[in-house]
């Protein structure tokens, strides 16, 4: 039953401005549909979403009186008073989504709670009209002319393709964390995502990421006891984890939900990565879906106007529970990385004529398959073998590209690559830059692309499935030179990995080759390659007098 909230409750709701861009509208409408018990949610988007967004669900719908109240400020069916904020279990709990949308767009709500006649409520320029309507049980919300009377806000939006990519990301998060709901997303009449709603993570993963990722993934579930000073509670954690050989360059493909709300929670994402531990290759991030359920009173959803973040009563305890659950799930042998050596030592460590700053350095040992221990006068140098080899490869690639550019090589026959709906949207938004880097791709139906050519700097072609990583890096827009990011990515993959056992000769060649680099002390991503420990450190630590050998 929908009713007005009292003044005290309204004052405690951090409403803020919930409609900041088209994706905000989609978040609110999708969450309302899920709260209404929908088994199918269909989202249609025209252009960047300001032209039209239409969300159709088959939930329980509303009566005429409730539909009229639903578009008024501070009305809700999900809270009774301020005390309910402590234990809220719904997603769209603020009672402000529809009226907030109606203040910046034309809103048309058509709904039916199972009676012979439905209701249509239209809010246009502040005027509300109510009519009878024919519709089966459920709700349809159509939003048109978003920000039409707010030119500054509309001008601040990104390109239509980039805005749709944001919408696609929102829908993807819910499609993966709610596999029991069937989602359909269309853009300009073209279907970009559909999930079956079978309640199986594997089916949702297949729909979003394709067969390769889905076939290298395993579901898991666990219950952890989370303890505070004076009480304990159970944290239920489940989801699906891709094998460590299915990775991405960014953390965007870790999909998290807390008590049903899909979030971009950095703390939980980091806990998932920590759970993978050393199974991940350096610089790579996993593909995973992790759902966390804790008692409602242990989490506050009302801390962010866009509902992107939550606050736990004990965030560290929840993160530890996630990390241990992921680690235990990955402890089975079939998920472990083989540790194969993927590098070209003979080529990348060939002698160079240039002098090396490490000419007088002597390799004296190794530590944990990660570090080379070297003697250099009165110092002990510790060299990170992966970072060192990455720097060597990067400078070789940069030098070759500077003189010859990035070559492309044709893939014959072209190889099909499945992208997520979000990555496909990002590709279209950044196609010119992607193609300037040496990729040539063509649509092949749905979110599948035919990769016809790949970049091959220094004669070393990218794998076609690297397209998703490159798209994500370019779309992130952190680097002024996407070509340089491409070289960093390529330099990383063939470099020596943790645990790779180098021969004495290779270790010596690696140190010498690092010393001949223009920037030998950091890898291309800015991490140090060498740490120096002065002899005086040992003198102090062992209580010796300087210079005494006995």
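The values are calculated or read from the model by the stated rules, or taken from the named source; none is laboratory data. Computed from a prediction, not measured in an experiment: that's the story for all the values here. All Cβ positions, even for glycine, are placed from backbone atoms using ideal geometry, and neighbour counts span all protein chains on display.
The test for being at pLDDT 85 or above, assigned by TED's automatic domain parsing to the domain that holds residue 360 and either in contact with a strand residue (DSSP E or B) (Cβ under 8 Å, 6 or more places away or on another chain) or closer than 15 Å to residue 394 by Cβ (or both) holds for residue 513. Outside the structural domain of residue 19 (by TED's automatic domain parsing), free of Cβ contacts under 8 Å to residues at least 60 places away in the same chain and closer than 23 Å to residue 466 by Cβ: is that true of residue 216 in this structure? Spelling it out, residue 216 is indeed outside the structural domain of residue 19 (by TED's automatic domain parsing), free of Cβ contacts under 8 Å to residues at least 60 places away in the same chain and closer than 23 Å to residue 466 by Cβ.
Take region 436-455 and flag every residue that is in a strand (DSSP E or B) and without any contact (Cβ under 8 Å) to a residue 24 or more places away in the chain. Listed by number, the list holds a single entry, 443.
Residue 235 meets all of the listed conditions (1) in the same structural domain as residue 44 (by TED's automatic domain parsing); (2) touching a residue at least 12 places away in the same chain (Cβ under 8 Å) but one, namely (1).
For region 23-33, state whether one or more residues are out of contact with any helix residue (DSSP H, G or I) (no Cβ under 7 Å at 6 or more places or on another chain) and either modelled with pLDDT under 90 or surrounded by fewer than 16 Cβ atoms within 10 Å (Cβ to Cβ) (or both). Looking through region 23-33, none of the residues is out of contact with any helix residue (DSSP H, G or I) (no Cβ under 7 Å at 6 or more places or on another chain) and either modelled with pLDDT under 90 or surrounded by fewer than 16 Cβ atoms within 10 Å (Cβ to Cβ) (or both). Scanning region 378-415 for residues that are farther than 19 Å from residue 492 by Cα and either in contact with a strand residue (DSSP E or B) (Cβ under 7 Å, 6 or more places away or on another chain) or at pLDDT 85 or above (or both) yields 378, 379, 380, 381, 382, 408, 409, 410, 411, 413, 414, 415. For residue 24, the stated conditions do not hold, so it cannot be described as touching a strand residue (DSSP E or B) at 6+ places or on another chain (Cβ under 9 Å) and touching a residue at least 40 places away in the same chain (Cβ under 8 Å). Within region 35-47, the set of residues being at pLDDT 95 or above and touching a helix residue (DSSP H, G or I) at 6+ places or on another chain (Cβ under 8 Å) comprises 41, 43, 45.
Where helices (runs of 4 or more DSSP H) fall wholly inside region 95-177, the ranges with 1 or more residues that are within 30 Å of the chain's Cα centre (by Cα) and exposed (fewer than 14 other Cβ atoms within 10 Å of the Cβ) are 151-155. Residues in region 235-277 that are over 24 Å from residue 317 (Cβ atoms) and in a helix (DSSP H, G or I): 252, 253. When region 178-203 is filtered for residues that are part of a helix (DSSP H, G or I) and either assigned by TED's automatic domain parsing to the domain that holds residue 37 or touching a strand residue (DSSP E or B) at 6+ places or on another chain (Cβ under 8 Å) (or both), the ones remaining, listed by number, are 201, 202.
Screening residue 461 against (1) at pLDDT 85 or above; (2) in contact with a strand residue (DSSP E or B) (Cβ under 8 Å, 6 or more places away or on another chain) leaves a single unmet condition, (1). Taking residue 85 as the residue in question, decide whether it is assigned by TED's automatic domain parsing to the domain that holds residue 138, at pLDDT below 70 and either surrounded by fewer than 22 Cβ atoms within 10 Å (Cβ to Cβ) or not in a strand (DSSP E or B) (or both). Answer is yes for this residue.
Checking each residue in region 282-331 for being at pLDDT 85 or above, within 22 Å of residue 226 (Cα to Cα) and assigned to a strand (DSSP E or B) picks out 289, 290, 291, 292, 293.
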